[in-house]
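The values are calculated or read from the model by the stated rules, or taken from the named source; none is laboratory data. Predicted model, so just to flag it, every value in this text is computed and none were measured. Positions of Cβ are backbone-derived with ideal geometry, glycine not excepted, and every protein chain shown enters the neighbour counts. Keep in mind that these areas ignore ligands, DNA and RNA; they rest on the heavy atoms of the full protein, side chains included. Shrake-Rupley method; radii C 1.70, N 1.55, O 1.52, S 1.80 Å.
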Amino acid sequence: MASSSSSGLTFKLHPLVIVNISDHYTRVKSQMHPPIGPHANDNSNGTDGATSLPPPVPRVYGCVIGIQRGRTVEIFNSFELLYDPSTHSLDRSFLEKKQDLYKKVFPNFYILGWYSTGSDAQESDMHIHKALMDINESPVYVLLNPSINHAQKDLPVTIYESELHVIDGIPQLIFVRSNYTIETVEAERISVDHVAHLKPSDGGSAATQLAAHLTGIHSAIKMLNSRIRVLHYYLLAMQKGDILCENSLLRQVSSLLRRLPAIESEKFQDDFLMEYNDTLLITYLAMFTNCSSTMNELVDKFNTAYDRHSRRGGRTAFM
């Protein structure tokens, strides 16, 4: 494996790809190795539990999609793929189906390569890489290392390209590392910042921390409004002659008012209404998502209860 690429391509990786790969790996790992109960370590036959082998680390596979403009390759999104470990190949029919679906939603995105997880590229990865060359003649390989290294400061993500090198007189394709930069759009920055600030750190839920944050903002706005009203009443009383006019105090009030943003312009009204509508739309989407999650939990519980009833008393017709 060569140290660095010589293709001259510039790679831009979006955070959504890293989140998708990490989520894919976490789901597969949790399904293969479910949490162990409190009595799982009880050995009735007296054997030592320390002799059990550690569970194998799963690998996940998928495709990365994006846009290539000249020498710049920008990876926007990814989707999962089915992998057959016996033949070291991907399910081609599933890949074509997912490609058609994503093409309808993102007509400008193309398959740029594929992704996997692991500490380093393996020999079997080249078989998958060559299989995708009929879709993209020069696919990229995004590798995420899921192992935690507290001493590492860089992202555990490596992007590989394939180059043809002559080794022992035989031309062979090998993986070479490529440099990349993290590229974000406004929606991704907002999402990442939201997750970073609302991550539960003291055992509380994210919804509780969000409610506390919004309550603090509401209290600050309410306090600002009350103090502005005090200044307004003071100026009205001074204008009516109920209070003596003090020029030094008026200069201080004028200085404070200059710090307030001007919100009577037409541009502000348009921007405010647009942001307000976007906020309402996000609220509706969050409500629909919450309802869908609740319905999924209800269906899962019903299926579990129905399966248990079928196993105990025989399968009965559902009314």
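All of LEU101, LEU112 fail the test of being surrounded by fewer than 19 Cβ atoms within 10 Å (Cβ to Cβ) and either farther than 23 Å from LEU9 by Cα or touching a residue at least 24 places away in the same chain (Cβ under 8 Å) (or both), apart from LEU101. Of all residues in region 212-245, those satisfying the criterion of being open to solvent by 80 Å² or more (accessible area, probe 1.4 Å) and of a type in the set (A, V, I, L, M) are LEU214, ILE221, MET223, LEU224, VAL230, LEU244. Among residues of region 202-226 that are closer than 19 Å to THR279 by Cβ, those with a Cβ under 6 angstrom from a residue that is of a type outside the set (A, V, I, L, M, F, W, C) and modelled with pLDDT under 80, sequence gap 6+ or separate chain, pair up as ALA206/PRO200. The sole residue among VAL28, VAL19, VAL73 that is under 30 Å from ASP91 (Cα atoms), open to solvent by 40 Å² or more (accessible area, probe 1.4 Å), at pLDDT 55 or above and among the hydrophobic types (A, V, I, L, M, F, W, C) is VAL19. Listed by position, the strands (runs of 3 or more DSSP E) inside region 134-187 whose residues that are in contact (Cβ under 8 Å) with a residue 24 or more places away in the chain and surrounded by 10 or more Cβ atoms within 10 Å (Cβ to Cβ) number at least 3 are 140-144, 157-167, 170-178.
I need a count of the residues in region 254-280 that are of a type in the set (Asp, Glu), at pLDDT 80 or above and either under 23 Å from ILE228 (Cβ atoms) or in a loop (DSSP other than H, G, I, E, B) (or both).
2
Apart from one condition, PRO58 fits all of (1) in contact with a helix residue (DSSP H, G or I) (Cβ under 6 Å, 6 or more places away or on another chain); (2) modelled with pLDDT of 85 or more; the exception is (2).
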